[in-house]
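The values are calculated or read from the model by the stated rules, or taken from the named source; none is laboratory data. Because the structure is a prediction, the values reported are computed rather than measured. Neighbour counts are summed over all protein chains in view; Cβ atoms, including those assigned to glycine, are modelled from backbone coordinates with ideal geometry.
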Amino acid sequence: MKTTASDLNTTARALVSDGKGILAADETVPTVTKRLDAQDIESTADSRRAYREMFFTTPGIAAFISGVIVQDETIRQKNPKGVALVDLLTKQGIIPGIKVDTGAKPLACAPGETVTEGLDGLRDRLKEYRTLGARFAKWRAVIAVNDTLPSATCVHVNAHALARYAALCQEENVVPIVEAEVLMDGAHSIDRCEEVTDTVLNAVFNELFDQRVSLEGILLKPNMVISGLECVDQASVNEVAETTVRCLRRHVPAAVPGIVFLSGGQDPLTATLHLNAMNQIEAPLPWKLSFSYGRALQDEALEAWGGDSKNLRAGQQIFFQRAKCESAAALGTYTSAMEKEADRGKKGWRPSKVLSATRDKIGRSSVARKIQSSRKRRRAKAG
Ligand code: 13P
């Protein structure tokens, strides 16, 4: 099939249509096994299928989710009725996407750093994934930060591989999500995160240009510019929003239709607050800012489900509610009152005990932490 730049652009724009974002459900088997193990759920092909299916069949979810990224096992799986999992998505108008990298591997001669692999045979794998229904793809480059890392070598090789992947995707009429993740792990400040994110985005867009990737036919998936998890001085929600948007404006051409953030280990509410604050910035932005969250969309639902079909509705309610909040954040219209809203309008949907308990937990943990730290900062500033 002949690829046209306009096909790619149509798909990319559909993925970031108003108030919609992406569910990243593409954890590899070892990673999803770790998540299931943590909930005492045995990881089998069947339990992993049931877990993914919970998300894919959540009633009404297509109002907030434009696309779902899956991995090799899931794109080949069928439910007990013989329906392919990707067909469960396409029937609702949700676009299937596929993770195509084969993981971040230790980078030779660069202790503590990785390079993402998966270019060998990629052209043929993309052809097959497209016949299985994938219309977009993901490749994740991982950049570790400390006072001396990342090395120029690490940034260069990862940016180069991302662009090679992106060009191959476009040739196969698959929209590449270009994911360059500057990790949150570490004690670095938000300023250091901005400096490294600047360097990484600069390298990525240079490589995309050099390798003739059509910017109208990609989505960028970056980290938010944020303080390291162990940094004593945690930046406020507004600082994160302003710094992230400032950094993106410097490097992301207006031709790119959308930027879909990863959550990167932020708790769900914090990820929502940050996205919302960015979308409330008044000056017009040239691209859509939305989400492509994994953990922030899944973790609470996984906990509520616990591998028991009796809890399917509770898990789906939690996922629905979280996606609804993210959707509002993608429009800049999120309010904390939305966390408490029951889905009264939905026939047969009552908030389960688990849902209420999770909302209470969210309320106590993240909001309280945010308020406490902003009070502490105000007190420190006041002298
Ligand atoms: P998180 O939102 O959990 O960071 O995952 C997003 C993702 O797709 C990482 O590659």
Could you check Ser227 against (1) within 15 Å of the ligand (Cβ to nearest atom); (2) among the hydroxyl-bearing types (Ser, Thr, Tyr); (3) farther than 20 Å from Gly294 by Cβ and say which number it fails?
(1)
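From the list Ala301, Ala329, which residue is within 16 Å of the ligand (Cβ to nearest atom), at pLDDT 95 or above, in contact with a strand residue (DSSP E or B) (Cβ under 8 Å, 6 or more places away or on another chain) and closer than 25 Å to Ser17 by Cβ? Talk me through it step by step, then tell me what you get.
On the way: Ala301 fails: in contact with a strand residue (DSSP E or B) (Cβ under 8 Å, 6 or more places away or on another chain).
Checking each option against the conditions leaves just Ala329.
Report those helices (runs of 4 or more DSSP H) wholly inside the stretch 82-175 carrying at least 3 residues which are closer than 20 Å to Ile259 by Cβ and among the hydrophobic types (A, V, I, L, M, F, W, C).
152-171
Assess whether Phe320 counts as being of a type in the set (Phe, Trp, Tyr) and in contact with a strand residue (DSSP E or B) (Cβ under 7 Å, 6 or more places away or on another chain). Spell out how you get there, then give the answer.
Details: of a type in the set (Phe, Trp, Tyr): yes; in contact with a strand residue (DSSP E or B) (Cβ under 7 Å, 6 or more places away or on another chain): no.
No, not satisfied.
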Please report, ordered by residue number, the helices (runs of 4 or more DSSP H) entirely within the stretch 233-330 with at least 3 residues that are of a type in the set (Lys, Arg) and on the phi < 0 side of the Ramachandran plot.
237-251
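Name every residue in the stretch 278-295 that is more than 12 Å from the ligand (Cβ to nearest atom) and in contact (Cβ under 8 Å) with a residue 24 or more places away in the chain, in order of residue number. First the steps, then the outcome.
Going through the stretch 278-295, the residues more than 12 Å from the ligand (Cβ to nearest atom) turn out to be 278-290.
Within the stretch 278-295, Met278, Asn279, Gln280, Ile281, Leu285, Pro286, Trp287, Lys288, Leu289, Ser290 qualify.
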When you go through Leu85, Leu36, Leu107, Leu8 one by one, which is the residue that is of a type outside the set (Val, Ile, Thr) and under 30 Å from Gly332 (Cα atoms)?
Leu8
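Can you pull out every residue in the stretch 22-45 that is part of a loop (DSSP other than H, G, I, E, B), within 14 Å of the ligand (Cβ to nearest atom) and out of contact with any Phe, Trp or Tyr (no Cβ under 9 Å at 6 or more places or on another chain)? Even if it seems obvious, please write down each step before you answer.
Filtering the stretch 22-45 for residues part of a loop (DSSP other than H, G, I, E, B) gives 25-28, 39-44.
Checking which are within 14 Å of the ligand (Cβ to nearest atom) leaves us with 25-28.
Correct list: Asp26, Glu27, Thr28.
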Starting from residues that are without any contact (Cβ under 8 Å) to a residue 24 or more places away in the chain and hydroxyl-bearing (Ser, Thr, Tyr), keep the ones in the stretch 117-173 and report whichever is nearest to Val225 (Cα to Cα).
Thr148
Subset of the stretch 303-313 (residues that are in contact with a Phe, Trp or Tyr (Cβ under 8 Å, 6 or more places away or on another chain) and surrounded by 23 or more Cβ atoms within 10 Å (Cβ to Cβ)):
Trp305
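I'd like to know if the stretch 85-100 contains one or more residues that are hydroxyl-bearing (Ser, Thr, Tyr), over 18 Å from Val182 (Cβ atoms) and surrounded by fewer than 21 Cβ atoms within 10 Å (Cβ to Cβ). Outline the logic, then answer.
So the first thing to find is which residues in the stretch 85-100 are hydroxyl-bearing (Ser, Thr, Tyr), and the list is 90.
If we keep only those that are over 18 Å from Val182 (Cβ atoms) too, we end up with 90.
Then drop every residue that is not surrounded by fewer than 21 Cβ atoms within 10 Å (Cβ to Cβ), which leaves 90.
Looking for residues that are hydroxyl-bearing (Ser, Thr, Tyr), over 18 Å from Val182 (Cβ atoms) and surrounded by fewer than 21 Cβ atoms within 10 Å (Cβ to Cβ), one finds at least one in the stretch 85-100, hence yes.
If the requirement is being more than 16 Å from the ligand (Cβ to nearest atom), surrounded by fewer than 24 Cβ atoms within 10 Å (Cβ to Cβ), closer than 26 Å to Leu8 by Cβ and under 20 Å from the mean Cα position of the chain (by Cα), which of these qualifies: Phe205, Phe209?
On the way: Phe209 fails: under 20 Å from the mean Cα position of the chain (by Cα).
From the options Phe205, Phe209, the qualifying one is Phe205.
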What's the total number of residues in the stretch 253-277 that are among the aliphatic types (A, V, I, L, M) and away from the ligand (no atom under 16 Å from the Cβ)?
4
Which ones in the stretch 15-48 are buried (at least 18 other Cβ atoms within 10 Å of the Cβ) and either over 21 Å from Glu73 (Cα atoms) or free of Cβ contacts under 8 Å to residues at least 40 places away in the same chain (or both)?
Leu15, Val16, Gly19, Lys20, Gly21, Val32, Arg48
All positions within the stretch 46-93 that are of a type outside the set (D, E, K, R) and within 16 Å of the ligand (Cβ to nearest atom)
Tyr51, Phe55, Phe64, Ile65, Ser66, Gly67, Val68, Ile69, Val70, Gln71, Thr74, Ile75
Looking at Ala342, is it assigned to a loop (DSSP other than H, G, I, E, B), modelled with pLDDT under 55 and small (Gly, Ala, Ser)?
yes
